[in-house]
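Okay, so here's the structure we're looking at.
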Amino acid sequence: MRFQKLKCATAAAALALTLGGCAASISGAVRFVDRENKPVPDAKLDGVIVNMINTSVPIDEASYSVKTDAKGKFEAEAKKLKPGTYKIEASEPGYIPASKTIEFKDSSREVELELKQLPMGGSRSYRGEQSDRDKIINPGEVNIQPPEM
């Protein structure tokens with residue numbers, strides 16, 4: 001009986017040390033999806049920058065960034081994070097930027113960001129009525145002269 005109490009006390013102490021050592025953090029993953037929300041095959045997930053902006057602290061302490069690994073996963077260092085409201089955002093050329101706002105206090109938070117692929121196709125003007133093709137200047141036709149003095 002005494003051995004069992006000692007065994008339980010040791011297990012409880014080990015559990016407390018393990019849980020006490022786990023600091024709250026922000027982690028998650030970035031995924032690339034096409035226009036139909038299907039995963040983009042062979043997407044390069046490594047090195048996508050994820051910005052974490054704490055809107056509750058002074059500006060010089062507000063921003064923190066991490067990069068994703070080869071699987072698109074990221075995790076912020078717990079010691080770099082302060083409690084507050086965070087805007088988590090990611091962007092990559094060819095995709096629509098994604099962002100989420102979360103409350104971060106004393107427990108870990110997980111954030112999933114999906115970057116949707118931009119539509120492919122011909123260029124169009126902002127008005128959407130006419131093509132921009134006729135507005136593109138052929139660099140071979142440009143004649144640049146130095147100013148006369």
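Overview of results
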{"quantity": "Extreme residue, farthest from residue 31 (Cα to Cα), among residues of region 42-101 that are charged (D, E, K, R) and assigned to a loop (DSSP other than H, G, I, E, B)", "calculated": "82"}
{"quantity": "Residue that is surrounded by the most Cβ atoms within 10 Å (Cβ to Cβ), among those in region 48-74 that are acidic (Asp, Glu) and modelled with pLDDT under 95", "calculated": "61"}
{"quantity": "So residue 27, is it among the hydroxyl-bearing types (Ser, Thr, Tyr), under 15 Å from residue 101 (Cα atoms) and surrounded by 13 or more Cβ atoms within 10 Å (Cβ to Cβ)", "calculated": "yes"}
{"quantity": "Residue within region 33-44 that is acidic (Asp, Glu), farther than 15 Å from residue 114 by Cα and in contact with a strand residue (DSSP E or B) (Cβ under 9 Å, 6 or more places away or on another chain) present", "calculated": "no"}
{"quantity": "Residue count, region 77-119 (criterion: loosely packed, with under 14 Cβ neighbours inside 10 Å, among the hydrophobic types (A, V, I, L, M, F, W, C) and over 15 Å from residue 32 (Cα atoms))", "calculated": "1"}
{"quantity": "Enumeration of residues in region 41-93 that are closer than 19 Å to residue 109 by Cβ, in contact (Cβ under 8 Å) with a residue 24 or more places away in the chain and of a type in the set (Ser, Thr, Tyr)", "calculated": "55, 56, 68, 85, 86"}
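Residue by residue, here is whether (1) modelled with pLDDT under 95; (2) under 21 Å from residue 73 (Cα atoms); (3) hydrophobic (A, V, I, L, M, F, W, C) holds:
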| site | (1), (2), (3) |
| --- | --- |
| 83 | yes, no, no |
| 91 | yes, yes, no |
| 106 | yes, no, no |
| 114 | no, yes, no |
| 124 | yes, no, no |
| 138 | yes, no, no |
| 148 | yes, no, no |
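The values are calculated or read from the model by the stated rules, or taken from the named source; none is laboratory data. Just so we're clear, the structure is a prediction, and the values are computed from it rather than from any experiment. Backbone-built Cβ (ideal geometry, glycine too); neighbour counts: all protein chains shown.
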